[in-house]
Amino acid sequence: MSTRRTVLVTGATGNVGRHVVDRLLELGADVRALVREPGAARLPADVGVAGGDLTRPDTLDAALAGVDSVFLVWPGLSTAAAPATVERLSEHARRVVYLSAMGGRDGERPVGFWGEIEGLIERTELESTFLRASGFAANTLGWAEQIRTRGVVRWPYGHARRSLIHEKDLAAVAALALTEDRHVGAAYTLTGPEAVSQQEQVRLIGTAIDRDLRWQEQPRAEAREFLLAAWGDQAFVDMALDGWAAMVDAPELVTTTVEQVTGVPARTFRQWALDHAADFR
């Protein structure tokens with residue numbers, strides 16, 4: 001970095017955000033975290049903590065005061081508040097790095113709320129970088145209870161092959177995009193280094209915790225009912241299920257963008273499972 005920058009990290013207590021905070025501190029940035037409950041943040045002592053809620057734009061001014069760059073993670077599926085929130089960001093900050101999602105093809109804008117928020121950002125004068133991520137490896141933590149209690153993962157589309165990405169790799173790219181000018185205007189498609197079937201993911205978790213785990217194929221209708229109760233958005237659930245079904249025959253895209261940006265190859269799912277073994281024990 002040529003100058004010391006103040007960066008506001010949203011989602012700072014989440015799987016990706018915590019690592020973005022750590023990487024920014026390593027790069028010498030002044031880091032401020034936006035959290036709904038400042039007293040429960042448990043972030044490093046040299047991180048400024050500001051209360052606020054992205055879905056309530058009127059709560060953001062104090063957190064944004066003096067900020068150069070913002071790491072944006074949109075909370076939830078509803079974008080009702082997004083236009084006003086993005087406008088509020090543009091009134092204070094110069095740059096935004098948005099954690100988006102991978103489109104249908106490399107370089108293609110994603111559908112759903114991710115694409116909508118990208119469009120809102122593009123209509124401002126903000127310098128922007130879009131991190132279009134494949135599935136998060138950390139989402140497999142949703143299997144942890146089944147693994148701990150039964151040693152069986154019941155889930156649909158076991159042969160779907162996914163290029164899941166380690167949250168530390170997302171954070172490494174994000175921190176550079178927040179502090180270096182060379183990433184302005186980029187839309188990076190970020191994935192893990194290989195496409196691994198969901199069944200194989202379970203086997204790799206088992207290897208990491210030294211247990212024989214089993215996959216149990218879940219009928220789509222049953223999975224849909226469960227996901228509707230968990231997510232509450234029918235269109236989003238169907239999009240997810242259709243996506244997994246398609247990956248049975250056509251694996252999720254694999255890119256080398258993480259290495260191109262950071263100089264270090266993306267971590268494998270095997271490495272992610274080893275890093276998170278304690279979460280499954």
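The values are calculated or read from the model by the stated rules, or taken from the named source; none is laboratory data. Just so you know, these numbers come straight off a predicted model, no measurement behind them. Cβ: placed from backbone, ideal geometry, glycine included. Neighbour counts: every protein chain shown. Just so you know, the surface numbers come from the protein's heavy atoms only, side chains and all, with ligands and any DNA or RNA stripped out. Shrake-Rupley method; radii C 1.70, N 1.55, O 1.52, S 1.80 Å.
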Practice item. Please determine, by comparing only the residues of segment 105-138 that are part of a loop (DSSP other than H, G, I, E, B) and among the polar types (S, T, N, Q), which one is surrounded by the most Cβ atoms within 10 Å (Cβ to Cβ). Key: S134
Check your understanding: All but one of (1) out of contact with any Asp or Glu (no Cβ under 9 Å at 6 or more places or on another chain); (2) closer than 22 Å to E118 by Cα hold for A223; which doesn't?
Key -> (2)
Review point. In segment 83-100, which residues are surrounded by fewer than 20 Cβ atoms within 10 Å (Cβ to Cβ) and either among the hydrophobic types (A, V, I, L, M, F, W, C) or farther than 18 Å from T59 by Cα (or both)?
Key: A84, R94
Check your understanding: Within segment 31-81, can you find the residues that are open to solvent by less than 30 Å² (accessible area, probe 1.4 Å), assigned to a loop (DSSP other than H, G, I, E, B) and either within 26 Å of D233 (Cβ to Cβ) or not aliphatic (A, V, I, L, M) (or both)?
Key -> G52, L54, L60, W74, T79, A81
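So how many residues does segment 236-252 have that are open to solvent by 70 Å² or more (accessible area, probe 1.4 Å) and in contact (Cβ under 8 Å) with a residue 24 or more places away in the chain?
The total comes to 1.
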Practice item. State which residue pairs qualify: first residue on the phi > 0 side of the Ramachandran plot and inside segment 107-123, second residue aromatic (F, W, Y) and surrounded by fewer than 19 Cβ atoms within 10 Å (Cβ to Cβ) in any location, beta carbons under 8 Å apart, and separation of 6 or more residues or different chains. Key: G112/F236
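Here is a yes/no grid of residues against (1) crowded, with 24+ Cβ neighbours inside 10 Å; (2) hydroxyl-bearing (S, T, Y); (3) outside any helix (DSSP H, G or I):
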position: Y157; (1), (2), (3): no, yes, yes
position: L170; (1), (2), (3): yes, no, no
position: L176; (1), (2), (3): no, no, no
position: E194; (1), (2), (3): no, no, yes
position: Q199; (1), (2), (3): no, no, no
position: R203; (1), (2), (3): no, no, no
Check your understanding: Counting only residues that are assigned to a helix (DSSP H, G or I), touching a residue at least 40 places away in the same chain (Cβ under 8 Å) and open to solvent by less than 10 Å² (accessible area, probe 1.4 Å), which one in segment 6-26 is nearest to D169 (Cα to Cα)?
Key -> V20
Revision key, fill the gap. From the option list T255, T268, single residue qualifying as within 20 Å of the chain's Cα centre (by Cα), buried (at least 16 other Cβ atoms within 10 Å of the Cβ) and farther than 21 Å from V153 by Cβ is T255
Check your understanding: Do the conditions hold for L141, that is, is it under 17 Å from L213 (Cβ atoms) and part of a helix (DSSP H, G or I)?
Key -> yes
